[in-house]
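**Student:** After the structure tokens below, expect a handful of questions from me.
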Amino acid sequence: ALLFLAPQTMQAAWPWKASVLLIQIYAGPCLSLGIGGLLLARPRHAVEIEPTALGMATFVVLVLLMSVVHRGLFDMSSASAQVWFTLLALASGALLAVVASRLRAARGGSA
């Protein structure tokens, strides 16, 4: 939410160079991912989890892929870049595991 509400402040805190417009563009997907995570954390019917997790996994995997493609923009020796890539990789794995579990359950396997 701060990316929307205080983009100049967040630009100063951002670990790599980004314009105010780019900070605001990041705000929507980041906020959506956070809200999606909160929704997945609530007790729900299994059938509701799969599409949300699939959408979130798609987003995170694509962000990771584009970050790797554009890794020249990152100072890979910095802690912020290392945290960025590590968290994206962990989130991708976790979300893909949730999707795989739901698909197995839908096919009658164990979940």
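The values are calculated or read from the model by the stated rules, or taken from the named source; none is laboratory data. Computed from a predicted structure; not experimentally measured. Heads up: the accessible areas ignore ligands, DNA and RNA and are worked out on the full protein's heavy atoms, side chains in. Shrake-Rupley method; radii C 1.70, N 1.55, O 1.52, S 1.80 Å.
**Student:** Quote the relative contact order of the chain in percent (integer), defining contacts as alpha-carbon pairs under 8 Å separated by 6+ residues.
**Tutor:** Worked out over the chain, it gives 24 percent.
**Student:** Per residue of the range 49-62, what does 6.51 cos²θ - 1.76 cosθ + 1.60 with θ = phi - 60° give for ³J(HN,Hα)? Whole Hz please, x for Gly and Pro, Karplus curve as stated.
**Tutor:** 6, 4, x, 5, 5, 5, x, 5, 4, 4, 4, 5, 4, 5
**Student:** State the percentage of accessible surface on the chain attributable to carbon and sulfur atoms; use a 1.4 Å probe and exclude ligands, DNA and RNA.
**Tutor:** 70
**Student:** For the chain, just list the percent of Cα-Cα distances falling in each 5 Å bin from zero outward, please.
**Tutor:** Values per bin, smallest distances first: 2, 11, 17, 20, 19, 13, 8, 6, 3, 1, 0.
**Student:** How much accessible area per residue does the chain have, counting only protein heavy atoms and a probe of 1.4 Å, in square angstrom?
**Tutor:** Roughly 65 Å² per residue, with all protein chains present.
**Student:** Next question. For the range 32-42, take each phi angle, set θ = phi - 60°, evaluate the Karplus expression 6.51 cos²θ - 1.76 cosθ + 1.60, and give the result in whole Hz per residue in order, putting x for glycine and proline.
**Tutor:** For the range 32-42, the Karplus-derived couplings read 4, 5, x, 5, x, x, 5, 5, 5, 6, 6 Hz, x marking Gly and Pro.
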